[in-house]
1. List the trypsin sites (Lys or Arg not before Pro) in the range 60-99 that DSSP assigns to loop (not H, G, I, E or B) and whose Cβ has at most 12 other Cβ atoms within 10 Å. Which are they?
2. Where nothing but the Cβ of Lys and Arg (+1) and of Asp and Glu (-1) is charged, how large is the charge dipole of the chain around its Cα centre, in debye to the nearest 20?
3. Can you tell me the relative contact order of the range 153-271? Whole percent, Cα pairs under 8 Å, sequence separation 6 or more.
4. Carbon and sulfur together cover what percent of the accessible area of the chain at a 1.4 Å probe radius?
5. Note down, for the chain, the three equivalent ellipsoid semi-axes (square root of 5 times each alpha carbon gyration tensor eigenvalue), biggest first, whole angstrom.
6. Just how far, in whole angstrom, is the range 288-333 from the range 42-74 if you go by their alpha carbon centroids?
7. Roughly how tilted is helix 159-171, in degrees to the nearest 10 and between 0 and 90, from the longest Cα axis of the chain?
8. Rounded to the nearest 10 degrees, what's the angle between the helix 14-25 long axis and the longest principal axis of the chain, both from Cα atoms, 0 to 90?
Amino acid sequence: MRQVRTLGLLGTGVIGGGWAARALHFGIDVIAADVKPQMEEWIRGAVANAEGALARLTFAPLPPPGKLSFTTDLAAMARQADFIQENIPEQLELKQRVLADVSRHAPPDVVIASSTSGLMPSDLQRDMVAPERLLVAHPFNPVYLLPLVELVGGRQTAEDTVAAAARFYTYIGMHPLRVRREVPGHLTDRLQEALWREILHMVNEDVATTGELDDSIVYGPGLRWAGMGTNLIYHLAGGETGMRHMLRQFGPCLKWPWTKLEAPELSDALIDKMVAGTQAQAAGRSIRELERLRDDYLVAIQQVLREYNIGAGATLRALEERLYESSAAAARAPLAAAAAGERPTGPLRLLETRVRPEWIDYHGHMTDARYLQVFGDATDALFRYAGIDDAYRRSGRGLYTVETRVTHKAAARLSEPLYVMTRVLEVDDKRVRLQHALHRARDEALVASAEQLYVHVRTDEGRAAPLDTAVRARLQELQAATR
Ligand SMILES: NC(=O)c1ccc[n+]([C@@H]2O[C@H](COP(=O)([O-])OP(=O)(O)OC[C@H]3O[C@@H](n4cnc5c(N)ncnc54)[C@H](O)[C@@H]3O)[C@@H](O)[C@H]2O)c1
C-alpha cells in the first residue's frame, strides 16, 4: 500500500467536508469529487469553518497545510488519489455502483474506504475491481474533531488493507477501532440507535421532552462517558467486587420492561414533538452557532483528557508526539551532516513554519508568546537529535529553560512562511545555551532573535544534575559545527 499524500473524497457533504478539514490540517492534499458542482463552494466553506476549532486542538508543530482541489470528474479523482474515502448518501445500490465505477479507475494499491454508518463491507465490495482494498471506515461528526473511526473488513478485504488504513488514520490524529466482524450498524451506531429508540418511545408516550432526555445524559452519564465507557463505569459502580456484583444486583432488571427493542412508529405527531422539542432546546440559536459551541467544548474536553492520558486525550497525546517527531525528523539530516562535517557550518535551519491565524495580535502581527513557541519547537528538534526525547524525559531527566532573551526586528503577518536558524553557543556539564534566529522566507529578513539558557535537571528530584555523557558529546559536536 502506498504512502498517502493525496486523499480523494467521493461525496463532499457534511462528512466529506469533515474529512477534508482534518486531512488538510495535517498536511495531506485533498481532491474532493462530487456530482454537484455547487459543492465546491460548500466544501471550501466547511473547511474554513472547521479551521477555527482545529487550530486550537494542539500547539505541536504542524506541517504546511495540504492543498484542496475540487472536481466533478470522479474518475480523474480516482486516478490521482493515494487513498479514497467515500461519503455519498447511505443507499446500498448507489454506493455499490459508484464504488465499482471508481475502482475501475483507481490503481489496485489504492485503499478505498467507505464512511457508511451501517452498511456491510461485503455488500459494498461486491462489484469492485480489486475488492480486497475496500473497507468500512466509519467516522463521527464532526470528523475534524472526533478521533474515533470504526474499521470493518468484508469477506474479501485483505488484512493489509485494514492495517494500511489504520496507519493513515492514526497519522491524521484518529483512533482506529477495529471491529472484529461485520454487523449492521457496526458498534457505535448500534449502541446509539438503542438509546435513540428509547428516546423516541419516551417522547411518543409523553414521558419526557427531548430537552429532559438530553439533560438525563448531559448532567450524568455523558460526563462519565468521555473518559470511561459503560462497562468500566459499571465495574466501578459494583463496589469492591466490581462487575460481578453489578450483574448480580442489576441483572434481574434486564428482564424487567425497562427498555423496548422495537422502534415506535414514526407518526407525524411523534415527528412534530421531536422537532418542536429540539427547536425549544436550540432557543433561537442557528445550527452554525451551535456547531461552534460544540466544537469549542470538544476541543476543551480533549485537552483536559490529555492531562489524564485517557480516551480521546491519549489519542491527542500520541498525535502530538508524532507531530514533534515528524518536525524533528526533518531537522535530523542537517544536524547529522553538520556534526559529521570537517568545517563549521554556522547556524542550522531547524524549523519551517508559517504564521497561523490564532497567532495574530490586534496589529495583525504574530503575537509575543508565539515567538517562544516557535523557538521552543526548534529547540525540541535539536534536543531530540542529541538524545533528549520522550524516553529520556521518562527516565527522570530533562532540560529546563532558565533564561530567554528575545529581540524583535521585523513583523511577521498571517500565513507568512518562516524558518528558524539555530546555533549551540555553549555546553558544560549542566548547562546548554542556544541562539535562534527567526527569518521570513519571502525576503530572508530577520524577524527576531533569541538566546536561551537551559539547565539540566533530575526532574524527579527537582535539582540540577550533570548531562548524560552521550547527550553532552552530541551537543558539543553541534557547538563545534554551528560556530
Ligand atoms: N452525517 C453524519 O453524521 C454521518 C456520520 C458518519 C457517517 N456518515 C455517512 O457518511 C455518508 C455521507 O453522509 P453525509 O451526511 O455527508 O451526506 P450528505 O448528504 O451531506 O452528502 C452526500 C454528498 O454526496 C454527493 N453525491 C451524491 N451522489 C453522488 C455520486 N454518485 N458521486 C459523487 N457524489 C455524490 C451529494 O451531492 C452530497 O454532496 C453516508 O454514508 C453516511 O451514512 C454520516
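The values are calculated or read from the model by the stated rules, or taken from the named source; none is laboratory data. Please read these numbers as outputs of a predicted model, since none were measured by experiment. So basically every Cβ, Gly included, is an ideal-geometry build from the backbone, and we count neighbours across all protein chains shown. SASA here: full protein model, heavy atoms, side chains in, ligands and nucleic acids out. Shrake-Rupley method; radii C 1.70, N 1.55, O 1.52, S 1.80 Å.
1. Details: sites: LYS67, ARG79, LYS95, ARG97; in loops: LYS67.
Within the range 60-99, the qualifying trypsin sites (Lys or Arg not before Pro) (loop, at most 12 other Cβ atoms within 10 Å) are LYS67.
2. On the way: 57 positive and 61 negative charges, 315 e Å.
Computed about the Cα centre, the dipole is about 1520 debye.
3. 23
4. Working: 13610 of 24750 Å².
Accessible surface attributable to carbon and sulfur in the chain totals 55 percent.
5. Semi-axes, largest first: 46, 29, 23 Å.
6. Cα centres, the range 42-74 to the range 288-333: 16 Å.
7. It works out to around 60 degrees.
8. The helix 14-25 is inclined about 10 degrees to the chain.
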